[in-house]
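Asker: One structure coming up, written as structure tokens, with questions to follow.
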Amino acid sequence: MQYKKFGDAYLVRIDLNEEIMQSLKALCEKEDIHLAQVDAIGAANHAVIGVYDLEKQAYHKEELSGFMEITSLSGNVTRMNGEAYMHLHGTLADQNHALHGGHIIELTVGATCEMFVRVLAGEATRVKDQALGINLIALQ
């Protein structure tokens, strides 16, 4: 991963076979980012995506392998238990132009990933909502 800061944003290049969630977390920890908006495109060669089942309080996961375009990757960075917490959703296009999308659990770069991380002033934290089974932004 390489990155450069421009004003309140980072332009990030994540390279072949690097895992995007881990790379983003490493950037946030190194640069002490507490609140940010994330937007990216690129290519992937492996993904685990999910759609949340509220009744079961678990993700229905789909594992994908093979070269795919990351047609859209967006979300945010907040904090939970003192650590960077990434919440990203994405859409991936496979070689047949079929789309797969959902909550990003794992995403490995297949060529490159070009990401903007726009840092916002302040900090937002997350707390576990027991009724929903998910970590919600705490706006207090």
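The values are calculated or read from the model by the stated rules, or taken from the named source; none is laboratory data. Since the model is a prediction, treat every value here as computed from it, not as a measurement. FYI the Cβ positions are ideal-geometry reconstructions off the backbone, even for glycines, and counts take in every protein chain you see. Note: areas computed on protein heavy atoms with side chains; ligands, DNA, RNA excluded. Shrake-Rupley method; radii C 1.70, N 1.55, O 1.52, S 1.80 Å.
Asker: Ratio of alpha-carbon Rg to the 2.2 N^0.38 Å globular estimate for region 1-84, to two decimals, please.
Answerer: Rg over 2.2 N^0.38 Å, computed on Cα atoms: 1.22.
Asker: Which shape class applies to region 92-140: rounded if a/c is under 1.5, otherwise prolate when a/b exceeds b/c and oblate if not, where a ≥ b ≥ c are the square roots of the Cα gyration tensor eigenvalues?
Answerer: oblate
Asker: Report in % the part of the accessible area of region 28-80 that belongs to carbon and sulfur, leaving out ligands and nucleic acids; probe 1.4 Å. Walk me through the intermediate numbers first.
Answerer: On the way: 1360 of 2750 Å².
It is 49 percent, rounded to a whole number.
Asker: Let me cross-check M68: its accessible surface, 1.4 Å probe, with only protein heavy atoms counted, in Å² to the nearest 10?
Answerer: Solvent-accessible area, nearest 10 Å²: 0 Å².
Asker: Continuing with this model, one more query. Report the full-extension gain for the segment L54 to F6: residue separation times 0.36 nm, less the Cα-Cα distance, to one decimal in nm.
Answerer: Taking 0.36 nm per residue and subtracting the Cα distance, the gain is 13.3 nm.
Asker: Would you mind counting up the charge near L73? Only other residues with Cβ under 12 Å from its Cβ, with Lys and Arg at +1 and Asp and Glu at -1.
Answerer: Net of charged neighbours comes to -3.
Asker: Of K5/K25; K5/K30; K5/K128; K25/K128; K4/K61, which sit over 22 Å apart, Cα to Cα?
Answerer: Working: K5/K25 16 Å; K5/K30 13 Å; K5/K128 32 Å; K25/K128 20 Å; K4/K61 34 Å.
Cα-Cα > 22 Å for K5/K128; K4/K61; rest within.
Asker: Computed FRET efficiency, Cβ-Cβ of A131 and E31, R0 25 Å: what is it to the nearest 0.05?
Answerer: On the way: r = 34 Å, r/R0 = 1.38.
The calculated FRET efficiency here is 0.15.
Asker: Pick from A47, A36, A121 the residue whose mean-square fluctuation is largest in a GNM of the chain, springs joining Cα atoms under 10 Å.
Answerer: Result for the chain, Cα springs under 10 Å: A121 fluctuates most.
Asker: Let me have the 222 nm mean residue ellipticity of the chain computed from DSSP H runs of 4+ only, each contributing -39500 (n - 2.57), with the sum over all residues rounded to the nearest 500.
Answerer: My calculation for the chain gives -2500 deg cm²/dmol from helical runs alone.
Asker: Assuming a ≥ b ≥ c are the square roots of the Cα gyration tensor eigenvalues, decide whether the chain counts as rounded (a/c under 1.5), prolate (otherwise, with a/b larger than b/c) or oblate.
Answerer: Cα axes put the chain in the oblate bin.
Asker: Taking only protein heavy atoms into account and a 1.4 Å probe, give the accessible area per residue of region 1-106 in Å².
Answerer: That works out to 55 Å² for each residue.
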